[in-house]
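The values are calculated or read from the model by the stated rules, or taken from the named source; none is laboratory data. None of these values were measured; they are calculated from a predicted model. Every residue, glycine as well, gets a Cβ built from its backbone with ideal geometry; the counts of neighbours run over all protein chains shown.
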Amino acid sequence: MSTNRTAPAPLLDVTDLSVAFTSHKDTVTVVDRVSFSVRAGETLGIVGESGSGKTVSSLALLGLLPASATITGSATFDGTQLVGMSDRKMRDVRGNDMSVIFQEPMTSLDPSFTIGNQLAEAYRNHRGGAKKAAQDRATEMLRLVGIPEPQRRLGEYPHSFSGGMRQRVMIAMALICSPRLLIADEPTTALDVTIQSQILELLKDLQTELGMAIIFVTHDLGVVASVCDQVAVMYAGQVIEQSPVDDFFADPLHPYSAGLLDSMPQSVAKGERLRMIAGTVPPPNRLPVGCRFNPRCRYALEECTTTPQDLEEVEGGRMVRCMRHADLTLKATT
Amino acid sequence: MTDWDSRNRDVDPFLTSGDNRPLDSTLEIERTTEGFWTPSALPSHDTVPAHVGFWKRFRRNKVAMVAAIYLVVLIVVALLAKHIGLQDPNLQNLTEINHKPSGAHWLGQDDLGRDVFARVIYGARVSLEASFLAVALALIIAVPLGLLAGFSGGWIDQTLMRVSDAFQVIPALVLALVISGILGPSTTNVAIALAIVFAPGFVRLVRGQVIGVREETYVEASRSIGAKPLFIIRKRVLHNVASPLIVQAAVTAGFALLAEASLSFLGLGVQAPDASWGTMLTRAFSQVYDAGWLLWIPGGAIAITVLAFNLIGDGLRDALGTETRGA
C-alpha cells in the first residue's frame, strides 16, 4: 500500500483476485476482484458471513481449489506470482513458504499413520534428509506447540488425541518447514471456547517466536480483536473494507462493518434484544445491481442501487468500498 | 480400548494449562455424557487404524483362527508335498483299483489305483496356486484402475465403470469358461481367466472407497503441505482403502478355488495325469456307480477349503472393520 511509506513491501499482495466456478450450466463468480495485503510478521483477519468468499479466496492462494474454479487477478508472495503457477511449483510453496490449517482438526490427520510419521513426512517432503533428523524436528515441533511428552506422543495414532491436541498437531505440521505465511482457516471454530483461546494464544506465541505472517479467516470478531493487526471484511465475494484493527473497531468505514460490530452481543445491555443486520447475504448468482450491500443498507441512496462501487483508498492506509464513506460517521456502539 | 476411548472423549488428560473442567469432578463428566453440555470438539473421527491390535482381535475369533490354521497347514503340506514321504501321485497300480482307505493308502486308491491322499495334496497345490494367482492378478489389474477411476472421476471413471458393468453382466463362471476356452487349458490360463472375471468387482470396490476417502480433510491437508499426487494416492488413499480390499480378496480366493475346480471339472484346468481337485472330481464322477465314495474326497476338500476362506474373510472383516469397533 502506497500510503505506508515507511512500511516494508507486503509479503503477500493480492490484487483483483477473482474466483469463478464453472458448472455445466453457468459460471458463478464467488470471489470478485478481492485485494488485500499482508506484511511479514503481521496478522490479517479476513471476516465475513458464511458464503462471503473468505475461505475460497484463501484456498485460491494455495491452488487448493477444484479444477472447476477459474482464478484470475494477481497474488504475489514475496514477489512470486501465485496465480497460474504450475502444480509442481505450487507444491514447493505449499507447506514450505505458505501453510494452511483447517477448521476440522478431527479429520485433518490420517487415522492410519502415527503422528510422528505424518509430521516427519511433512518435513521430508520439502527438506528431504534422514528419517532421524525429521523425527527430531517433529519432536521439537510438538514441544513447541505445547504437547507434553512429545517423544512418546510421536508414536501414537490420531485417535488417541483430543480435538484441541489434534489442532496443535496440525499447527505443528503446518509450521514444521517454518513457512513465512500461515493461513488459518477458522482454526478454532470446531473447538470449545477454552481450547479456542489456548489455540489463539499458541498461534500468537508462535508468531512472535517464528516471525511469520498469519491470515486468519474467521467469522468471529472477538478473535479478530484479540489476534489481528489488520482486518479485511468480505461481503458477497468482495472486500468492503480493510483497516488496521484498532481503527476498524473504533471507527468502521463501511455500513456493513458497522452493522457487524453492532451485532456483537457486547454492544447491547444485558437483557436487551441482540441487534442484527436485516436480510441475508445475496447468493452469488443473484447479486443486486450497484453496491452489493445496498438492499440491507440503511444509508443507501438512489445512486447506490445503480452504480457499482470500487474499493477506494482512504487516509490511514485504509480501504473502503462505499460511496458515502466520507459523509457518514459510523460510530461503533461499544 | 473401549474404556479408554470413552474417557478420552470427556476429559483430555493432556491439557497443559487452563483446563476448563476440574479433572477431579466426576459430576461434570457425567453431565457431558448426558448431553447437558456437549463440546463441539467431540471426536467424531476417532477411527482406530485397522492394523493396530489387528492380530489380537483376529485371534479372539476362534472359528476364523481354526480356518486360518487349517489353511496354513494345507499350504505348508502342499508346498512340501515332494519332501514328506508321499507316494507318487501318478503311480498307477491297476491291480488295486478303487480300493477303499487302508493303512497303506489313507484315502484309498482311485480308478487307476493311484494313491488318493497324495493326489489330494498335490491337487491342493494346483488348486491353491490357481486361486491365489487369480486373486493376485485381479488385484494387480484392479487396484490401479480403481484408484484411477475414483481419483480422476469424469469420463475416465465413466468409461472404466461401463467396461466393468459389461464384464459383470455375464455370469462369472460362463465368462471364465469362455476366456479359458480361448486361452487353452492350463492352470495359469484358468488363473488369468478368473482374474479377468474378478477384476471388475475389485475395481468397483476400490473406486467406491477412494471416492469416500478422496474427500477426507486429511487428503486435502496432505495436499496443503505440498505432498505429490502419487504420494497422496499411495499413502493417504491406498492405506485407508486397504481393509475392505483385504476382506474381499480373502472371500474371492475361496470363490476362485471353487471356480478353478469347476473349470478343471470341465477339463479346462490342469491336464492329466496331474491332479487338481476339479479333475479328481471328474475321475471320481466317472466311477460313481463302482466307487461313489471317491467323490467325497475332492468334494470335501473343496468344500472345507472354500469354507475356510470365507470364515477367514469374516474374521478379517471383524478384525479390520474400522467403522463400528469400540462401540
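If I ask for residues that are buried (at least 22 other Cβ atoms within 10 Å of the Cβ) and at the interface with chain A (Cβ under 9 Å from one of its Cβ atoms), which ones from region B:228-246 would you list?
B:236, B:240
Filter region A:167-187 for residues that are free of Cβ contacts under 8 Å to residues at least 40 places away in the same chain and in a helix (DSSP H, G or I) and give the result.
A:168
Just to be sure, is residue A:106 surrounded by fewer than 19 Cβ atoms within 10 Å (Cβ to Cβ) and among the aliphatic types (A, V, I, L, M)?
No; evaluated as a whole, the condition is false for this residue.
Considering B:253, B:242, which residue is touching a residue at least 40 places away in the same chain (Cβ under 8 Å), part of a helix (DSSP H, G or I), within 30 Å of residue A:95 (Cβ to Cβ) and among the small types (Gly, Ala, Ser)?
One residue alone meets the criteria, B:242.
Each row is one residue, and each column tells you yes or no for (1) farther than 30 Å from residue B:200 by Cβ; (2) outside any helix (DSSP H, G or I).
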residue: B:112; (1), (2): yes, yes
residue: B:117; (1), (2): yes, no
residue: B:125; (1), (2): no, no
residue: B:144; (1), (2): no, no
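How many residues does region A:214-244 hold that are part of a helix (DSSP H, G or I) and surrounded by 19 or more Cβ atoms within 10 Å (Cβ to Cβ)?
4
Having 2 or more residues that are surrounded by fewer than 18 Cβ atoms within 10 Å (Cβ to Cβ) and away from every other protein chain (no Cβ under 14 Å) is the bar; report the helices (runs of 4 or more DSSP H) wholly within region B:147-225 that clear it.
Hits in region B:147-225: B:154-168, B:172-183, B:187-214.
Going residue by residue through region B:277-296, is there one that turns out to be surrounded by 23 or more Cβ atoms within 10 Å (Cβ to Cβ), more than 30 Å from residue A:113 (Cβ to Cβ), at pLDDT 90 or above and among the small types (Gly, Ala, Ser)?
The answer is yes, given that some residue of region B:277-296 is surrounded by 23 or more Cβ atoms within 10 Å (Cβ to Cβ), more than 30 Å from residue A:113 (Cβ to Cβ), at pLDDT 90 or above and among the small types (Gly, Ala, Ser).
So which pairs qualify, if the first residue must be in region A:74-98 and surrounded by fewer than 17 Cβ atoms within 10 Å (Cβ to Cβ), the second must be of a type in the set (Val, Ile, Thr), the Cβ gap must be under 7 Å, and the two must be at least 6 apart or on different chains?
That search, which allows pairs on different chains as well, returns A:74/A:15; A:74/A:83.
Of the residues B:98, B:93, only one is in contact with an Asp or Glu (Cβ under 7 Å, 6 or more places away or on another chain), outside any helix (DSSP H, G or I), touching a residue at least 12 places away in the same chain (Cβ under 8 Å) and over 22 Å from residue B:268 (Cα atoms); which?
Every option except B:98 fails the conditions.
From the list B:259, B:253, B:249, pick out the single residue that is more than 14 Å from chain A (Cβ to nearest Cβ), on the phi < 0 side of the Ramachandran plot, touching a Ser or Thr at 6+ places or on another chain (Cβ under 6 Å) and aliphatic (A, V, I, L, M).
When all the criteria are applied, what remains is B:253.
Any chance region A:175-185 includes a residue that's crowded, with 24+ Cβ neighbours inside 10 Å and in contact with a helix residue (DSSP H, G or I) (Cβ under 6 Å, 6 or more places away or on another chain)?
Yes, some residue in region A:175-185 is crowded, with 24+ Cβ neighbours inside 10 Å and in contact with a helix residue (DSSP H, G or I) (Cβ under 6 Å, 6 or more places away or on another chain).
So is residue B:91 in contact with a helix residue (DSSP H, G or I) (Cβ under 9 Å, 6 or more places away or on another chain), loosely packed, with under 15 Cβ neighbours inside 10 Å and closer than 19 Å to residue B:287 by Cβ or not?
yes
Criterion first (in a loop (DSSP other than H, G, I, E, B) and either more than 13 Å from chain B (Cβ to nearest Cβ) or in contact with a Ser or Thr (Cβ under 8 Å, 6 or more places away or on another chain) (or both)) does residue A:139 satisfy it?
no
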